[in-house]
């Protein structure tokens with residue numbers, strides 16, 4: 001799979017993209033402001049790094065939607081307020097950055113569909129992090145990880161390619 005890293009221009013995006021442990025994961029780096037005019041046909045997936053400016057992603061919305069309509073994959077990480085994607089319903093929540101420091105603490109994450117192919121490659125522990133809210137799962141989507149209080153923190157949805 002050919003993955004493009006969508007970079008918001010922060011030091012931590014730069015550090016992640018250039019970290020040797022992730023070097024083989026990404027085929028290219030696209031600055032978010034260049035996304036509307038970027039040639040995306042050679043990529044299978046856009047990896048939208050966390051903490052992107054939602055206004056910049058909104059400006060690229062038509063390019064992202066065209067990418068999805070072509071049957072390609074977008075992985076949108078948290079704190080980019082993915083409201084720039086069709087049908088995303090985000091609810092902010094309380095964030096506990098330090099839950100893991102408390103002995104016996106529960107992250108509040110629950111694997112929803114353990115038979116999903118993604119879990120052949122990673123476990124719930126790999127996808128356990130602090131969170132800033134939850135997502136309502138749209139019709140036709142599959143929740144992969146839920147929060148104990150309800151809603152999803154990771155789901156998969158598929159778009160159909162448009163004719164033409």
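Every number in this text was worked out from the coordinates using simple rules, so none of it is lab data. Values in this document were obtained by computation on a predicted structure and should not be read as measured data. With ideal geometry, Cβ positions are generated from the backbone for all residues, glycine too; neighbour counts draw on all protein chains shown.
Estimated at 0.36 nm per residue, the fully extended path between residue 10 and residue 33 surpasses their Cα-Cα distance by 7.0 nm. Applying 1/(1 + (r/R0)^6) with R0 = 30 Å to the Cβ-Cβ distance of residue 142 and residue 100 gives a FRET efficiency near 0.65. Sorted fewest first by neighbouring Cβ atoms within 10 angstrom, 67, 119 come out as 119, 67. Just round it to a whole percent: the fraction of Cα-Cα distances in the chain exceeding 27 Å. Everything past 27 Å amounts to 27 percent. For the chain, the relative contact order comes to 19 percent (Cα pairs under 8 Å, sequence separation of at least 6). Can you give the log10 of the normalised intensity I(q)/I(0) at q = 0.25, 0.26, 0.27 Å⁻¹, computed with Debye over equal Cα scatterers of the stretch 1-80? Normalising to I(0) and taking log10 leaves -1.32, -1.41, -1.51. Taking only the alpha carbons of the stretch 87-164, we obtain Rg and Dmax values of 14.3, 56 Å in that order.
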